[in-house]
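S.K.: Right, I'll just put the structure down here and ask away after.
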Amino acid sequence: MSHRTLPVATLGFPRIGRHRELKFALEGYWSGKIAESDLLETAARLRAENWALQRDRGITKIPSNDFSLYDHVLDTAVMVGAIPAVYGWKGGAVPLSVYFAMARGSEGDSNAGCGHAHHGHGVPALEMTKWFDTNYHYMVPEVSEDQAFTLTSQKPVDHFLEARALGIHTRPVVLGPVTFLKLAKARPSTFKPLDLLEKLLPVYEELLGRLAAAGADWVQVDEPILALDLTEGERHALAVAYDRLAKAVPSLKILLATYFGALGDNLAAAAALPVAGLHVDLARAPEQLDAVAGAVRADRVLSLGAIDGRNIWRADLADILDRLAPVVKARGADAVEIAASCSLLHVPIDLELETALDADLATWLAFAIQKLGELSTLGRGLAEGRDAVREAVDAASAAIAARAASPKVTDPRVQARIAGIDAGMKSRKSGFEARRRLQEGAIRLPLFPTTTIGSFPQTSEVRKARSAHAKGALSHGDYEAFLEKETESAIRWQEEIGLDVLVHGEFERNDMVQYFGEQLAGFAFTQHAWVQSYGSRYVRPPIIFGDVSRPKPMTVRWWQYAQSLTERPVKGMLTGPVTILNWSFVRDDIPRSAACRQIALAIRDEVADLEKAGAKMIQIDEAALREGLPLRHRDWQHYLDWAVESFRLCSTGVADETQIHTHMCYSEFNDIISAIAAMDADVISIETSRSKMELLDAFRNFSYPNEIGPGVYDIHSPRVPEIGEMTDLLTLARKRLQDRQLWVNPDCGLKTRKWEEVRPALVNMVEAARRLRAPAAAQ
Ligand code: GLN
Ligand code: ZN
């Protein structure tokens, strides 16, 4: 029996395969173990499975061309012929070797820890950066002023036909031309990529023509920049683009997809575009429903993105039905569509694989496949009435009620502590100057003290020991003994080369967030819930499901062990609350700021225990603070306020004598410098080596008062920096900051580097600091 349903859509489905098939095929192909045809076969099989799966679960608007071997932005760059000359493409079909060279750099090049090739020999990869405010990274297209665009690839058409041959009529997805250009980088930076729009549009027109000729009736064109602050020029570009594209192929209807936020002040511009349909994100921005429904013409399709494509919680179907029903009624079934808020790329594939999850928690979650079920329930419920889907809706309501009432979610002790937070807990006892004097008395350090950011190389022995321990093949005692040995040799070696402030090396940590999440209450970990981070690199973000607390010390044992081996100070090493939050799936039942505050209290406990154990210096990394910035500028201050508050909450419970360090691995501080200063860390280490210390201008112009370690060693490169290069960088730093403010350290942790690189680089770094201290003697 078939049911009536509204059109039900996903905007994209995870590409990686339930069992990470794509990763293994890619890595097999890259290492020469499997042939290109094997890789392509695996890819085709994954597409076929995804289409059939969506069809069988009741999706009626099934996407194609959402699949990518590496990244959909890279696919778009290749498709329009935006292939920089260095990759050696001479026209015609683009070989996989060129595609992967753009993604990963070519032979002879080294991969940095982030997997992104930099500065090696051979050809470097394109730059990589975050896709809006997600943890997915895309390859940044490069365009030149005289860029020629041509349609090099029929991938959207090919995949449409591939699905049709399987009996599935799809709606191809393409990245829109305006977002594409907005994300692209001008090389050289003498023009704006958007100036190339007129040249790019014919390629899109040709593509749409070919899709229509192949039998497509709709195409989904993604313009996520509509959730950003746009200039008049950018809005105008959208108008120009869609005037042309909508007319180009009258038989092909365009669904313009926006996501990751409200349309806000772009609503009128979006609604005025002459497209056949508009998709809006109602998970991130439920409040925009009425305004959008009022603005979008009655003869257009409004795609209601009600199921959250960014998070893993089971949806409140009853509530969504209540909210959407009036809109559906007013517009009529032909003018609406029910959809996920954005591509399901950002969530894991199948909850059914998680056999070890807490049984209650499992009933509160929905991964991509479960979300398909939710979507079809909504489609049917809105077409046939709620009674038709009563059972599914009631089950969702019951799960949500159980979650809200569960003692696993709410911890009265955490609530009481949160209620007891007062201003005194968010501020050091004394100002920086007074603290500095006390710290100088407590810890004797030379001018330009040398240190590192925390981790030392995670060698294959370290990784092997960890995985053997996880599998039970290495006993706990043997594993601990192994870690002690690694830590001890790291300490000995740091003493030997003369570093001033030592680290224990982080050999016991798998990942800077996971390591803490696994020890905190309120966090859950999955076995198979992989999400693509970039290319073949997938992550399993922890799930924060309940009030967070720290049952027992997490790092004190390793700090204590390391400190017992040396007279020199060893830094305690922690990950900060904002970073833990930003790299996890977060609760949707309390604000992010509230979850962050709880994590901050847990870290505060750890800071207190480290101090009690004798640590004089404690570093709290906030690698992800900047990337958590909201997409809209007017939301920045609110975010920065609670992010800074959380950092202060975790870090200010110590005595004035205890030195708090923080670390951030990026190089843009101009627009957030006052928030950085408000964190009031005694010392901040930052990434600066590649920017030639220019970013220190932000600190100088602001008269940043506390101490700073501007990175002098680019840890993304295997290259060993010369002493002179580092003294040059430090000389530049001295022009911008006072000598007494400066520390000497690498850009970031060294876990992705090899000891052969790290050893000489740090020896040189220590020597560079010595030369600075005694310039005359060293000349
Ligand atoms: N302490 C961490 C390390 O050294 C910091 C890493 C980071 O900020 N990304 O690995
Ligand atoms: Zn870093």
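The values are calculated or read from the model by the stated rules, or taken from the named source; none is laboratory data. Only a predicted model underlies this, so the values are computations on that prediction, with no experimental measurement involved. A quick note on method: Cβ atoms are made from the backbone with ideal geometry, for glycine too, and the neighbour counts reach across all protein chains shown. SASA here: full protein model, heavy atoms, side chains in, ligands and nucleic acids out. Shrake-Rupley method; radii C 1.70, N 1.55, O 1.52, S 1.80 Å.
S.K.: Checking residue 512 against (1) without any contact (Cβ under 8 Å) to a residue 40 or more places away in the chain; (2) within 16 Å of ligand 2 (Cβ to nearest atom): exactly one of these is not met. Which one?
M.R.: (1)
S.K.: Oh, and also: Just checking, how many residues over the stretch 735-767 are in a helix (DSSP H, G or I) and out of contact with any strand residue (DSSP E or B) (no Cβ under 7 Å at 6 or more places or on another chain)?
M.R.: Count: 15.
S.K.: What number goes with the only condition from (1) in contact with a Pro (Cβ under 8 Å, 6 or more places away or on another chain); (2) in contact (Cβ under 8 Å) with a residue 60 or more places away in the chain that residue 151 does not pass?
M.R.: (1)
S.K.: Report, by residue number, each residue of the stretch 660-684 that is open to solvent by 10 Å² or more (accessible area, probe 1.4 Å), within 16 Å of ligand 1 (Cβ to nearest atom) and more than 13 Å from residue 711 (Cβ to Cβ).
M.R.: Within the stretch 660-684, just 668 meets the criteria.
S.K.: Right, another one. Scan 372, 361, 378, 382 and give me the residue that is touching a residue at least 24 places away in the same chain (Cβ under 8 Å), touching a Phe, Trp or Tyr at 6+ places or on another chain (Cβ under 8 Å) and of a type outside the set (S, T, N, Q).
M.R.: Matching residue, one of 372, 361, 378, 382: 361.
S.K.: If I ask for residues that are in contact (Cβ under 8 Å) with a residue 24 or more places away in the chain and open to solvent by less than 60 Å² (accessible area, probe 1.4 Å), which ones from the stretch 31-40 would you list?
M.R.: Residue satisfying the conditions is 39 alone.
S.K.: Somewhere in the stretch 724-732, is a residue farther than 21 Å from residue 445 by Cβ, open to solvent by less than 50 Å² (accessible area, probe 1.4 Å) and either more than 16 Å from ligand 1 (Cβ to nearest atom) or over 32 Å from the mean Cα position of the chain (by Cα) (or both)?
M.R.: Checked against the condition, which is being farther than 21 Å from residue 445 by Cβ, open to solvent by less than 50 Å² (accessible area, probe 1.4 Å) and either more than 16 Å from ligand 1 (Cβ to nearest atom) or over 32 Å from the mean Cα position of the chain (by Cα) (or both), the stretch 724-732 yields at least one hit.
S.K.: Starting from residues that are open to solvent by less than 30 Å² (accessible area, probe 1.4 Å) and not small (Gly, Ala, Ser), keep the ones in the stretch 230-249 and report whichever is modelled with the lowest pLDDT.
M.R.: 249
S.K.: Further question: Go over the candidates 548, 586, 570 one by one and state the one that is within 16 Å of ligand 1 (Cβ to nearest atom) and in contact (Cβ under 8 Å) with a residue 60 or more places away in the chain.
M.R.: Exactly one of 548, 586, 570 is within 16 Å of ligand 1 (Cβ to nearest atom) and in contact (Cβ under 8 Å) with a residue 60 or more places away in the chain, namely 570.
S.K.: Let me ask something else about it. Is it the case, given these coordinates, that residue 681 is of a type outside the set (Ser, Thr, Tyr), more than 16 Å from ligand 2 (Cβ to nearest atom) and closer than 28 Å to residue 437 by Cβ?
M.R.: So residue 681 does not fit the description; no.
S.K.: Separate question: Are there any pairs, at least 6 apart or on different chains, whose C-beta atoms fall under 6 Å, with the first in the stretch 158-174 and at negative phi and the second open to solvent by 70 Å² or more (accessible area, probe 1.4 Å), and if so, which?
M.R.: What qualifies is 168/55.
S.K.: With a cut-off of at least 1 residues that are modelled with pLDDT of 95 or more, name the strands (runs of 3 or more DSSP E) lying wholly within the stretch 112-229.
M.R.: Where strands (runs of 3 or more DSSP E) fall fully within the stretch 112-229 and carry at least 1 residues being modelled with pLDDT of 95 or more, they are 137-139, 170-175, 218-222.
S.K.: Across the stretch 685-715, what is the total count of residues that are within 16 Å of ligand 1 (Cβ to nearest atom) and either of a type in the set (Ser, Thr, Tyr) or open to solvent by 30 Å² or more (accessible area, probe 1.4 Å) (or both)?
M.R.: Matching residues across the stretch 685-715 total 5.
S.K.: Can you report the number of residues in the stretch 47-66 which are open to solvent by 20 Å² or more (accessible area, probe 1.4 Å), in a helix (DSSP H, G or I) and in contact (Cβ under 8 Å) with a residue 40 or more places away in the chain?
M.R.: Here the count works out to 5.
S.K.: Now, a different point. Any residue at all in the stretch 638-648 that's within 16 Å of ligand 2 (Cβ to nearest atom) and open to solvent by less than 20 Å² (accessible area, probe 1.4 Å)?
M.R.: yes
S.K.: Against the definition (part of a helix (DSSP H, G or I), of a type in the set (D, E, K, R) and touching a residue at least 60 places away in the same chain (Cβ under 8 Å)), how does residue 611 come out, yes or no?
M.R.: Spelling it out, it is not the case that residue 611 is part of a helix (DSSP H, G or I), of a type in the set (D, E, K, R) and touching a residue at least 60 places away in the same chain (Cβ under 8 Å).
S.K.: So the check is Cβ under 6 Å with 6+ separation or different chains; which pairs have a first residue in the stretch 658-681 that's within 19 Å of residue 580 (Cβ to Cβ) and a second one that's aliphatic (A, V, I, L, M) and away from ligand 1 (no atom under 15 Å from the Cβ)?
M.R.: Qualifying pairs under 6 Å: 675/640; 675/644; 679/644.
S.K.: When you check residue 655 against the structure, is it more than 20 Å from residue 542 (Cβ to Cβ), among the aliphatic types (A, V, I, L, M), away from ligand 1 (no atom under 16 Å from the Cβ) and touching a residue at least 12 places away in the same chain (Cβ under 8 Å), yes or no?
M.R.: Judged against the criteria, residue 655 is a match.
S.K.: Follow-up question, since we're still on this one. Return the only residue of 481, 434, 442 being among the aliphatic types (A, V, I, L, M) and farther than 28 Å from residue 685 by Cα.
M.R.: 481
S.K.: Restricting to the stretch 744-774, give me the number of residues that are open to solvent by less than 10 Å² (accessible area, probe 1.4 Å) and either away from ligand 1 (no atom under 15 Å from the Cβ) or closer than 17 Å to residue 496 by Cβ (or both).
M.R.: 9
S.K.: Oh, and also: So, in the stretch 654-693, of the ones that are among the polar types (S, T, N, Q) and part of a loop (DSSP other than H, G, I, E, B), which residue ends up modelled with the highest pLDDT?
M.R.: 658
S.K.: Quick check on this structure: which one of 759, 771, 753 is of a type in the set (Lys, Arg) and farther than 30 Å from residue 511 by Cα?
M.R.: Only one candidate qualifies: 771.
S.K.: Might you check whether a residue that is under 23 Å from residue 260 (Cα atoms), out of contact with any strand residue (DSSP E or B) (no Cβ under 8 Å at 6 or more places or on another chain) and open to solvent by 50 Å² or more (accessible area, probe 1.4 Å) occurs anywhere in the stretch 202-220?
M.R.: For the stretch 202-220, residues under 23 Å from residue 260 (Cα atoms), out of contact with any strand residue (DSSP E or B) (no Cβ under 8 Å at 6 or more places or on another chain) and open to solvent by 50 Å² or more (accessible area, probe 1.4 Å): absent.
S.K.: Identify the single condition in (1) under 27 Å from residue 616 (Cβ atoms); (2) part of a helix (DSSP H, G or I); (3) touching a His at 6+ places or on another chain (Cβ under 9 Å) that residue 730 does not satisfy, given that it satisfies every other one.
M.R.: All conditions are met except number (3).
S.K.: Which condition breaks for residue 28 when tested against (1) closer than 29 Å to residue 129 by Cβ; (2) touching a residue at least 24 places away in the same chain (Cβ under 8 Å)?
M.R.: (2)
S.K.: Got a number for residues in the stretch 401-419 being of a type outside the set (Gly, Ala, Ser) and open to solvent by 50 Å² or more (accessible area, probe 1.4 Å)?
M.R.: Of the residues in that region, 7 qualify.
S.K.: Still on this structure, I have one more. Taking the stretch 305-320 only, how many residues are more than 25 Å from the chain's Cα centre (by Cα) and buried (at least 20 other Cβ atoms within 10 Å of the Cβ)?
M.R.: Summing the residues that are more than 25 Å from the chain's Cα centre (by Cα) and buried (at least 20 other Cβ atoms within 10 Å of the Cβ) in the stretch 305-320 gives 2.
S.K.: Considering only residues that are over 30 Å from residue 345 (Cβ atoms), open to solvent by less than 10 Å² (accessible area, probe 1.4 Å), in contact with a Ser or Thr (Cβ under 6 Å, 6 or more places away or on another chain) and more than 16 Å from ligand 2 (Cβ to nearest atom), which ones fall in the stretch 573-622?
M.R.: 600, 602
S.K.: Do you know which residues across the stretch 557-584 are small (Gly, Ala, Ser) and either farther than 21 Å from residue 497 by Cα or outside any helix (DSSP H, G or I) (or both)?
M.R.: Passing the criteria: 572, 576, 584.
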